[in-house]
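The values are calculated or read from the model by the stated rules, or taken from the named source; none is laboratory data. Note that this is a predicted model, so its numbers are computed, not measured. So basically every Cβ, Gly included, is an ideal-geometry build from the backbone, and we count neighbours across all protein chains shown. Side chains are part of the model used for accessible areas, which takes the heavy atoms of the whole protein and leaves out ligands, DNA and RNA. Shrake-Rupley method; radii C 1.70, N 1.55, O 1.52, S 1.80 Å.
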Amino acid sequence: MLKFLLRCLLINLITIYSIVSVKAQVNIPHFVFSGMQFMSDGKFNEAIRNFNVVIYNAPEMYEPWFYRGIAKYNLGDYKGSEADFNRCLEIHPLFSPALHYRAITRDRLRDVTKAMKDYAAALRIDPLNPDIYVNRGISRFQNKDYRLALADLDSALRLDKDHSLAYLMRGMVRNSLKDIKGALADLDKATHLNIFYTEGYIRRGQIRYDSADYAGAIDDYNTALRIEPDDPAVYFSRAMAYNKLGKSDLMFDDLNKVLELDPHNALTLYNRALIFSERKDYKKALEDYDQVLQLSPDNVLATFNRAIIKHLTRDYKGAIEDYSKAINLFPDFAKAWMNRSDAWRQLGNEKEALTDYNKATLIMYNVEHSGDSTLANYADSAYLARIIEFDADFRNTSAVDGRIQYKPVYVDLERNFFITYLYNDSVYIKQKKGAYWISAMSEFNRQNAYRLNFGLTNHENTLTADEVSQYIGSVDSSLRMNPTDPLAYFFIGVLNGMIQNYNSAITAYDRAIELDPGFAFAYLNRANTRLQVIEETTGENDYINTISIGNTTPVKAQPLNDDQSQVFRKVLNDYNMVIKLNPDLSFAWFNRANVKARQGKYKEALNDYNRAIDLDDKLAEAHFNRALILIFLKRNEVACKDLSRAGELGLINAYNLIKRYCNQTE
């Protein structure tokens with residue numbers, strides 16, 4: 001549908017582009033067409049970069065706002081997408097595609113009332129568009145309004161009798177209305193219209209599975225895999241069908257294939273661990289449970305089942321630790337209390353064993369008299385050992401087609417900015433194109449007598465020790481002629497920093513500052529180098545990840561010791577001096593904010609990030625880091641706006657966080 005829409009709008013834009021390109025200083029058509037091509041290829045982040053250029057230079061054009069909204073939607077940034085569609089409609093209120101896509105976006109945001117108003121408005125402008133009826137039908141289906149969804153899909157098919165998606169969705173609706181025969185007939189039609197329609201085979205397979213036609217489901221999954229052999233969700237579904245037919249070896253093979261394609265799928269790891277347990281391969285079972293709990297630390301069933309493996313292998317202390325965690329997660333977990341009782345007994349602690357046994361007995365008595373099915377499940381060994389069949393999130397493999405929000409990442413604060421030496425033309429050009437370039441840096445490069453080019457970055461540029469020695473030799477010659485040149489010492493500091501010779505770098509910066517107490521960039525780099533010393537001496541995990549987000553929840557690092565606190569005070573003093581000398585340097589405020597965040601001074605850090613963004617709203621790293629602090633403080637709604645902006649500005653990890661913290665209703 002996206003490629004069709006791009007083709008339809010292309011012709012209408014040519015005249016507008018020719019007019020705008022006369023007014024603009026950039027080649028507007030080039031960036032628009034490049035963005036559209038990137039979208040067509042599924043490279044949504046690259047598309048956004050191109051549309052940013054158009055929006056900056058021609059903000060009165062409605063089309064780039066619309067296209068960027070679609071790109072953000074595909075990256076899971078629904079709030080950012082809605083904002084772009086809003087702007088598009090402010091410029092062109094009767095642009096029905098924007099109303100249509102905003103409706104879809106608002107439905108994703110669970111704003112059903114506004115979504116339905118947008119669908120209705122789009123249909124008033126374009127009443128013969130079957131896609132609008134189909135998508136409204138999908139929205140109504142997802143909101144369990146099956147009768148109205150059926151009416152929409154019927155309307156779509158009256159307008160286009162060969163609309164394969166309409167047949168597929170009508171089949172899903174009919175299945176929800178218990179019309180299995182009608183559902184299968186619609187899905188038959190969908191796959192007949194498009195024999196390569198994998199989704200049709202997958203959905204028909206699910207209906208057959210739910211109807212206990214496991215062999216028929218496997219046939220459909222086989223067909224889907226012949227068309228798309230690398231879809232982990234289909235392998236998982238087929239594994240569940242094999243499980244129903246008692247074909248455990250084939251199920252095991254499919255689960256292994258899922259993990260080959262999607263190594264971070266916790267549900268598949270969990271189910272494979274159960275099979276390893278049944279086969280008494282406890283070592284491999286433990287490895288899988290360990291991975292599950294690394295991905296999902298609060299998974300009570302995985303915690304309990306890992307405890308059982310430890311129990312069976314006579315690791316009673318490890319078993320007690322896991323049983324205790326399971327109990328903390330679910331205090332009425334009768335089997336965990338009972339099993340921990342036995343583990344205590346195996347260690348000879350009869351007192352704790354009796355206490356746990358009595359607690360388990362009391363819970364089971366309450367279960368019998370309460371009729372609570374959840375409590376009953378957690379007292380039932382068969383329930384706790386069965387293969388789990390509910391849906392998993394297999395979409396993270398879509399990272400390969402441009403949906404970078406599904407790429408597994410471990411996220412921490414974006415690092416501090418510092419001054420580095422651009423030692424050749426290629427590094428200089430790369431810096432100019434892909435990093436921040438500020439007027440103060442340009443002036444600094446223009447005025448220095450050595451004709452050296454420096455740049456501002458938060459990524460390391462490295463040189464070999466031999467190359468640095470040659471440069472330092474040249475600087476030493478200059479210093480013999482002019483021993484009071486602060487720039488020469490600054491350059492020595494930069495060079496030493498590039499080979500991690502931090503103590504020599506700090507000594508050089510000290511001398512540069514002594515010779516020129518107003519040398520702001522020397523204070524900036526000295527502060528950063530001192531931070532790197534802490535990182536080298538304490539280990540990256542203890543230092544860098546003060547605010548970090550892994551696969552689940554934000555984690556706070558260990559508190560600083562006295563020596564580290566003293567260094568941080570020196571670092572802050574240096575950043576304070578940079579800000580005093582150059583209060584409009586956004587990067588100094590950003591760096592100081594990072595230090596305060598690492599100290600746990602979150603309110604002060606937020607104030608500094610705010611100031612950095614006020615000075616430069618395009619500082620993506622400031623938006624990103626502010627969002628991490630806000631997520632840590634449970635202020636997700638505000639954080640999501642920053643993540644949207646950070647992603648828009650090119651920080652791709654933002655989309656993964658948007659998926660995890662901003663779209664939790666999906």
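The alpha-carbon atoms of segment 20-128, seen along their principal axes, cover 42, 25, 23 angstrom, with the largest extent given first. Phi angles of segment 101-115 translate, via the Karplus equation with coefficients 6.51, -1.76, 1.60 and θ = phi - 60°, into HN-Hα couplings of 6, 5, 4, 4, 5, 5, 5, 4, 7, 6, 9, 5, 4, 5, 4 Hz per residue; Gly and Pro are given as x. For segment 226-288, averaging the sequence separation of C-alpha pairs within contact (under 8 Å, six or more residues apart) and dividing by the residue count gives a relative contact order of 25 percent.
The residue list 225, 289, 250 was ranked by how far each Cα lies along the charge dipole of segment 222-309 toward its positive end, using unit charges on Cβ atoms, and 250 comes out on top. Computed over segment 207-249, the Cα gyration tensor eigenvalues convert (square root of 5λ each) into semi-axes of 17, 12, 8 Å, ordered from largest to smallest.
Can you pick out the pairs among 634/659; 72/601; 596/634 whose Cα atoms lie more than 24 Å from each other? Cα-Cα > 24 Å for 72/601; rest within. Each of 163, 141, 128 was placed along the dipole of segment 127-181 (beta-carbon charges, centred on the mean Cα), and the one lying farthest toward the positive end is 141. Accessible surface computed residue by residue for segment 118-187, with neighbouring protein chains in place and a 1.4 Å probe, gives 46 Å² per residue.
Past the 15 angstrom mark, what percentage of all C-alpha to C-alpha distances in segment 600-647 do you count? When all Cα pairs of segment 600-647 are counted, 34 percent exceed 15 Å. Got a number for carbon plus sulfur as a percent of segment 49-143's accessible area, 1.4 Å probe? Heavy-atom surface of segment 49-143 belonging to carbon and sulfur, 1.4 Å probe: 52 percent. Hey, which aspartates and glutamates would be in cross-link range of residue 178, C-alpha to C-alpha under 15 Å, not counting anything within fewer than 8 residues on its own chain? Correct list for residue 178: 145, 186, 210.
Counting only lysines at least 8 places from residue 335 when in the same chain, those with an alpha carbon closer than 19 Å to its own are 310, 317, 325, 351, 359. Straight-distance candidates among the lysines for linking to residue 114, with alpha-carbon spacing under 18 Å and chain neighbours fewer than 8 residues away dropped: 79, 144. In the assembled protein chains, residue 484 presents an accessible area of approximately 80 Å² (probe radius 1.4 Å). Ranking of 250, 649 by solvent-accessible surface, largest first: 250, 649 (1.4 Å probe, protein heavy atoms only, all chains present).
Dipole check for segment 48-119: with +1 at the C-beta of Lys and Arg, -1 at the C-beta of Asp and Glu, and the Cα centre as origin, the magnitude is about 240 Debye. Note on residue 281 and residue 607: the extension gain reaches 112.0 nm, defined as 0.36 nm multiplied by sequence separation minus the Cα-Cα distance. Dipole magnitude for segment 96-200: about 420 debye, using +1 per Lys or Arg Cβ and -1 per Asp or Glu Cβ, origin at the Cα centre.
Max-minus-min Cα coordinates of segment 109-229 on each principal axis give 45, 26, 24 Å, with the largest extent listed first.
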